[in-house]
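Each remark here refers to the structure printed beneath this line.
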């Protein structure tokens, strides 16, 4: 068998151009198959790591996916707000260790503005319970301080000390900007690969202050100056949602039931992990479609290899005749063709893996910067090895067709050894 594989390798070397093109076809299909699988799994991991260490998210009564989308991913809007007194009551519950209130509704040049407290920088976790880190500056302290996410600062070219104008609502137009109350950039967060990078953070009192004189989303009354507002004390009347960390995770279900039946107003408490799982499940059709497309590409690559082997059979009849004359049996010819298919497939798989990791190394910083997706150069997983094994077996099976034809030709041509 070793001699047959060596002979198959020598035969491929004699047809270098065709062999290289066939190997490249298989390599591209394999790299696409593994690439889709790696992006799928790592996107899912990155998606799940958007928030961690938070036991419950509380918002106005709505579906858990909607609550997750607007509170964590800054997509969409809340059905209602939460009364500040309700926040205080939940915060003082004996099972609650910490609480982070957030207020949404304003924006800056397409990026969402989040009103919150300093506890946001202390307790908010992402990834594997990683804390938020300030790359530059400090957290907000005075009324009109702001801390920017890394993407906001990079895309809009902001530095510490710059001033920004916040707009009322998601649409940033001249008529709804709080242009008489600029905020000063005092901090820029390190990249996290989460929606935090695309957020502008201000204090909850600042959200109240900039809306003095605004009614029903329009500037109807007198808007005080920044100096006069800085002297006043502001307490939020309402917030959009709050993140809760509990003293013991075992108490999460009990507190969830308590909040869901809160008597003062209709509230919903969700567990981020369960909501993330449901949200990812809604996108499973696209996930399966990507896998199907990559599977068809692999089939196309193997069909290309099969076509190459079949095309070369007529040109190699003299080669087969010489092999028969030297004592090779039809079964040897059969295994020779299968060995060629095996070697081509194996070389294509190895080349495909190398091509994929080269592409990942190049794309890694681009994906992290543009899409906030961390693509790690990890070794293939057990499932990926399974996929590669299936490709190898499929390549060997594809070699049966030209091998069977060569077996039949060697008999029908009467290529027997003359004594």
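None of the figures in this text is laboratory data; all of them are computed from the coordinates on show. Bear in mind the structure is a predicted one, so any value in this text is a computation, not a measurement. Here Cβ is always computed from backbone atoms with ideal geometry, including for glycine, and neighbour counts include all displayed protein chains.
Determine the relative contact order of region 111-166: mean sequence separation of Cα pairs under 8 Å and six or more apart, normalised by residue count, in whole percent. Computed value for region 111-166: 25 percent relative contact order.
Taking the number of Cβ atoms within 10 Å of each Cβ as an exposure proxy, the fewest-first ranking of 91, 112 is 91, 112. Using every pair of alpha-carbon atoms in region 7-164, split the distances into 5 Å bins beginning at 0 and state the percent of pairs per bin, rounded to integers. Percent of Cα pairs in each bin: 1, 6, 11, 14, 15, 12, 8, 6, 4, 4, 4, 4, 3, 3, 2, 1, 0.
By other beta-carbon atoms within 10 Å, ranking 98, 280 with the fewest at the front produces 280, 98.
Here the contact order of region 56-270, divided by its residue count and restricted to Cα pairs under 8 Å and six or more residues apart, works out to 32 percent. Beta-bridge orientation, region 56-270: approximately 80 percent antiparallel, per DSSP, counting only bridges with both partners inside. With Cα atoms as the point set, region 56-270 shows a radius of gyration and Dmax of 17.0, 50 Å. For region 41-140, relative contact order (Cα pairs under 8 Å, six or more residues apart, normalised by length) works out to 29 percent. Fewest-first ordering of 282, 271 by other beta carbons within 10 Å of each residue's beta carbon gives 282, 271.
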